[in-house]
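To start, the structure itself, in structure tokens.
The values are calculated or read from the model by the stated rules, or taken from the named source; none is laboratory data. Please read these numbers as outputs of a predicted model, since none were measured by experiment. Here the Cβ is made from the backbone with ideal geometry for all residues, glycine too, and neighbour counts use every protein chain on show. Keep in mind that these areas ignore ligands, DNA and RNA; they rest on the heavy atoms of the full protein, side chains included. Shrake-Rupley method; radii C 1.70, N 1.55, O 1.52, S 1.80 Å.
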Amino acid sequence: MQYAALFRGINVGGKNAVRMAELRQMLEGLGLRDVRTYIQSGNAVFAADTDAAALREAIEAGFAARFGFASGVAVRSADELRALVEGLPFAPAEIEAAEAANPDVEHLYAYFLDGPAAPGAAEALSAGAAGPDRLVARGRELFLLCFGSVRDSKLAARLPRAFPSATARNWRTVVKLLELAGESAAP
């Protein structure tokens, strides 16, 4: 089965530096096949015959042993990534409005959680944040639509406190990981 692993908090602001070649070697050392990394923020796709929960445990332990610090990791199958991309909860008109508000920044983000968000958590977080940004929870992911830069978003600023183990990726990265996982699955 094809998977993606999304590491939390590496190569951010010069902290917790990890070279992707070393990350690839670590994952291969765990017996994962066809390992490929994407950009420096800690994304990998690979093939494995193990279930996602066991993979996550093994990857987190292997990472800490190899690099000397802990990094949470979200593991999703290619099928889960496909469902996530196909289930984007924002209408094209909403996305176009956000892009028109500021065409120079990314607008869509997915936050990968360890488990499903509590019912009503996204709505409660949104209610307390000023601005037009939107947050939707679905399964083990949160979808954020920003009308400006994510760095200026009051809603985005609240997410790490509410979901401290979440790792975020912009939409382009999510789509690219799905593409890479699909390529790895090709004969």
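Between Lys154 and Glu179, what FRET efficiency follows from the Cβ-Cβ distance if R0 is 35 Å, with the result rounded to 0.05?
0.60
Calculated FRET efficiency, Ala21 and Asp104, Cβ-Cβ r, R0 30 Å, to nearest 0.05?
0.40
Sort out for me the Cα centre separation of segment 1-76 from segment 118-180, rounded to whole Å.
First find each Cα centre; the distance between them is then 22 Å.
Scan segment 1-87 for chymotrypsin sites (Phe, Trp or Tyr not before Pro) in coil per DSSP, keeping those whose Cβ has at most 15 other Cβ atoms within 10 Å, and list them by number.
Listed in order of number, the matching sites are Phe69.
For the pair Glu57/Gln40, report the inter-label distance in nm, with labels modelled 7 Å from Cα in the Cβ direction.
Inter-label distance under the simple model: 3.5 nm.
Tell me the label-point distance for the pair Ala124, Glu86, using the 7 Å Cα-to-Cβ offset, in nm and rounded to one decimal.
Between Ala124 and Glu86, the simple spin-label model gives 3.3 nm.
Show me the helices of the chain, taken as full DSSP H stretches, that run 20 Å or more along their long axis by Cα and average -1.0 or above in Kyte-Doolittle hydropathy.
Passing helices, by number: 52-67, 171-185.
Which of rounded, prolate, oblate describes segment 52-99, given a ≥ b ≥ c as roots of the alpha-carbon gyration tensor eigenvalues and a/c under 1.5 marking rounded, otherwise prolate only if a/b is larger than b/c?
oblate
Give me the percent of the accessible area of the chain that comes from carbon and sulfur atoms, probe 1.4 Å, all protein chains in place.
52
Taking the Cα-to-Cβ direction at Glu28 and at Glu96 and moving 7 Å from each Cα, how far apart do the two end points lie in nm?
Going from the Glu28 label point to the Glu96 one covers 4.7 nm.
Calculate, for the chain, the solvent-accessible area per residue in square angstrom, rolling a 1.4 angstrom probe over the heavy atoms of the protein chains.
Value returned for the chain: 50 Å² of accessible area per residue.
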